[in-house]
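J.: One structure follows; several queries about it will come next.
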Amino acid sequence: MLLGAGLFLTVRYRFAQVRLFPEAARTLVPAQQEGARGALSPFQAFMTALGASIGTGNIAGVATAVVSGGPGAVFWIWVYGFFATVIKLTEAILGIRYRSLKDGHLSAGPMHYLREGLRSPTLAWIYALVAGIAALTTTPFTQPNSMAVVLESQFHIPTWASGLGIAVLAWLVIIGGVRSIGRAAEALAPLKVGLYLVGGLWVILFHAGQIPDVFALIFREAFSLEGARGGTAGVSVMIAMRYGLARGIYANEAGYGTAAVAYGTARSEQPLQQGLNAVMEVFIVSFVTSTISALTILVSGVWQSGKTSTALVASAFDTAIPVGGWVVAFCAFLFGYTTLTGWAYYGEQFLEYIGGPKITKPYRWIYCGLIYFGAVSKPELVWAWGDLMNGLQIFPNMVGIIGLSGVVAAILRERSQAQALGTSATGPS
């Protein structure tokens, strides 16, 4: 469904992810707008979205995809990343276009464009309920779990101790609300991406001789019709697709609707500017950090070692960097931490839509309390539950994305016409 929607939007928007990419790269740090309404600066909104999507799914999730689906899964991560760009572009634009700003209170997310744009309050309520439960019962489990796994493998810290520490650190930011979360993301998101990029590139270059064979392996296994692990012919390509798409979705979050919440907080009246940031977000997630994780695992040869999750990537870094496992542990902590805090706000917005502001404080305490249980849970159960719950919230959101794609197409046409006339390409729409 997501691939089909991405293909449809790509054609409808005339390959906007390609046409807009140069401008998106140039405007990576959005300009401040005087008098614009919102809770965060446009850059903080971008960093919150990026920080929340670049989580341990980019490390543990990609490792799981390679181990379970084979090297061919990497190709399908890239495929989904290409089409996911226009899905997240749509979410970001609609998030600004239909957000609610009343009496100084900001509320944004798919529930607003489902209610105001699609005129379906019932579907908006269903989305808010499902997405709120998903945020409360997935991220506090998946992210601390991967963080605890790598801390235990590298520093021999018991998972229960990691769980307590992570819960306290998350509470310190989450309890302060969206502005506290935005400030933390603005400081930590660039650091974690830069550190992981440098370390990963060093590992890949250390094993540079394996790069041609690894790329050949990825493309060959992506379409392999040979029996997988003794299975039936044709099963191999399906397994690669299944894990590549599942982990690709989990890595960049396009289709979840969370981008509408993050970008909807921006002090901006320019929907397209936030859409351009969304283009860069998916590019960084799907084609930079996820690729770094996959290539380090494959070029180092550790993908068949029997390890999984973050511990597998740590082993890959150890092959080229004396303290490689520590680097991965630190990055995994930052990845998981910023995702934890970002998703806390997402869930807060979803459940507040249903229960009102009175639900905010109890939600924040419950969310932080669940982090401990996520750290001590079994990884397989945690990721299976995450796939299920996050998958459910995609369905009502995609109804809105497809149904309102005409609104986004019109904004993109206005942008093209403005460019032709030599006026602002990202002005208010």
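The values are calculated or read from the model by the stated rules, or taken from the named source; none is laboratory data. Bear in mind that the values here come from a model prediction, so they are computed numbers and not experimental data. Quick reminder, even Gly has a Cβ in these numbers, built from the backbone with ideal geometry, and neighbours come from all protein chains shown.
J.: Got a sec? Which of I166, I181 is in contact with a Pro (Cβ under 8 Å, 6 or more places away or on another chain), in a helix (DSSP H, G or I) and β-branched (V, I, T)?
T.: Criteria check complete, one pass: I166.
J.: Within the stretch 125-136, can one find any residue that is closer than 25 Å to S293 by Cβ and either of a type outside the set (A, V, I, L, M) or out of contact with any Ser or Thr (no Cβ under 9 Å at 6 or more places or on another chain) (or both)?
T.: Within the stretch 125-136, one or more residues are closer than 25 Å to S293 by Cβ and either of a type outside the set (A, V, I, L, M) or out of contact with any Ser or Thr (no Cβ under 9 Å at 6 or more places or on another chain) (or both).
J.: What's the total number of residues in the stretch 9-26 that are part of a helix (DSSP H, G or I) and out of contact with any helix residue (DSSP H, G or I) (no Cβ under 7 Å at 6 or more places or on another chain)?
T.: Within the stretch 9-26, residues that are part of a helix (DSSP H, G or I) and out of contact with any helix residue (DSSP H, G or I) (no Cβ under 7 Å at 6 or more places or on another chain) number 5.
J.: A further question on this structure: Taking Y263 as the residue in question, decide whether it is assigned to a helix (DSSP H, G or I), among the hydroxyl-bearing types (S, T, Y) and at pLDDT 80 or above.
T.: It is true that Y263 is assigned to a helix (DSSP H, G or I), among the hydroxyl-bearing types (S, T, Y) and at pLDDT 80 or above.
J.: Considering (1) farther than 22 Å from I249 by Cβ; (2) among the aliphatic types (A, V, I, L, M); (3) at pLDDT 90 or above, say which one V399 fails and leave the rest.
T.: Only one criterion is unmet by V399, namely (1).
J.: Another one. Return the residues of the stretch 253-272 that are out of contact with any strand residue (DSSP E or B) (no Cβ under 8 Å at 6 or more places or on another chain) and of a type in the set (D, E, K, R); say none if nothing qualifies.
T.: Residues satisfying the conditions are E253, E269.
J.: Search the stretch 63-72 for residues being more than 9 Å from Y243 (Cα to Cα) and at pLDDT below 85, and hand back the single one that is farthest from the chain's Cα centre (by Cα).
T.: V67
J.: While we're here: Please work out which one of (1) surrounded by fewer than 18 Cβ atoms within 10 Å (Cβ to Cβ); (2) in contact (Cβ under 8 Å) with a residue 40 or more places away in the chain; (3) hydroxyl-bearing (S, T, Y) is the condition T138 fails and give its number.
T.: Answer for T138: the failing condition is (1).
J.: Just to verify a result, which residue in the stretch 319-358, among those that are in a helix (DSSP H, G or I), out of contact with any Ser or Thr (no Cβ under 8 Å at 6 or more places or on another chain) and more than 21 Å from G374 (Cβ to Cβ), is modelled with the highest pLDDT?
T.: I354
J.: May I pose another question? Would a scan of the stretch 17-34 turn up a residue that is out of contact with any strand residue (DSSP E or B) (no Cβ under 8 Å at 6 or more places or on another chain), more than 15 Å from Q273 (Cβ to Cβ) and in contact (Cβ under 8 Å) with a residue 40 or more places away in the chain?
T.: Checked against the condition, which is being out of contact with any strand residue (DSSP E or B) (no Cβ under 8 Å at 6 or more places or on another chain), more than 15 Å from Q273 (Cβ to Cβ) and in contact (Cβ under 8 Å) with a residue 40 or more places away in the chain, the stretch 17-34 yields at least one hit.
J.: Please determine whether any residue of the stretch 47-61 is within 18 Å of the chain's Cα centre (by Cα), closer than 24 Å to F223 by Cβ and surrounded by 24 or more Cβ atoms within 10 Å (Cβ to Cβ).
T.: Looking for residues that are within 18 Å of the chain's Cα centre (by Cα), closer than 24 Å to F223 by Cβ and surrounded by 24 or more Cβ atoms within 10 Å (Cβ to Cβ), one finds at least one in the stretch 47-61, hence yes.
J.: State which residue pairs qualify: first residue at negative phi and in contact (Cβ under 8 Å) with a residue 24 or more places away in the chain and inside the stretch 102-120, second residue among the polar types (S, T, N, Q) and not in a helix (DSSP H, G or I) in any location, beta carbons under 6 Å apart, and separation of 6 or more residues or different chains.
T.: S107/S100; H112/S100; L114/S120
J.: So, one more: Tell me which residues, restricted to the stretch 146-162, are over 15 Å from T341 (Cα atoms), in a helix (DSSP H, G or I) and not acidic (D, E).
T.: Correct list: S146, A148, V149, V150, L151, S153, Q154, F155, T159, W160, A161, S162.
So that you can scan it fast, the table gives a plain yes or no per residue for (1) more than 22 Å from F333 (Cβ to Cβ); (2) touching a Leu at 6+ places or on another chain (Cβ under 8 Å); (3) of a type in the set (A, V, I, L, M, F, W, C):
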{"site": "G132", "(1), (2), (3)": "yes, yes, no"}
{"site": "T138", "(1), (2), (3)": "no, no, no"}
{"site": "A148", "(1), (2), (3)": "no, no, yes"}
{"site": "Q154", "(1), (2), (3)": "no, no, no"}
{"site": "W160", "(1), (2), (3)": "no, no, yes"}
{"site": "W171", "(1), (2), (3)": "no, no, yes"}
{"site": "L197", "(1), (2), (3)": "no, no, yes"}
{"site": "L205", "(1), (2), (3)": "yes, no, yes"}
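J.: Has the stretch 100-120 got any residue that is assigned to a helix (DSSP H, G or I), within 25 Å of M389 (Cα to Cα) and of a type in the set (S, T, N, Q)?
T.: no
J.: I would also like to ask the following. Scan the stretch 153-181 and report the pairs whose first residue is more than 22 Å from V261 (Cβ to Cβ) and whose second residue is outside any helix (DSSP H, G or I), with Cβ atoms within less than 8 Å and a gap of 6+ or a chain change.
T.: So the pair list comes out as T159/V376; W160/V376; G163/V376.
J.: Something else now. Can you name the residue in the stretch 348-390 that is without any contact (Cβ under 8 Å) to a residue 40 or more places away in the chain and small (G, A, S) and is also farthest from I93 (Cα to Cα) among such residues?
T.: Here the residue is A384.
J.: Can you find a residue that is more than 23 Å from T138 (Cβ to Cβ), in contact (Cβ under 8 Å) with a residue 24 or more places away in the chain and crowded, with 24+ Cβ neighbours inside 10 Å anywhere in the stretch 260-267?
T.: yes
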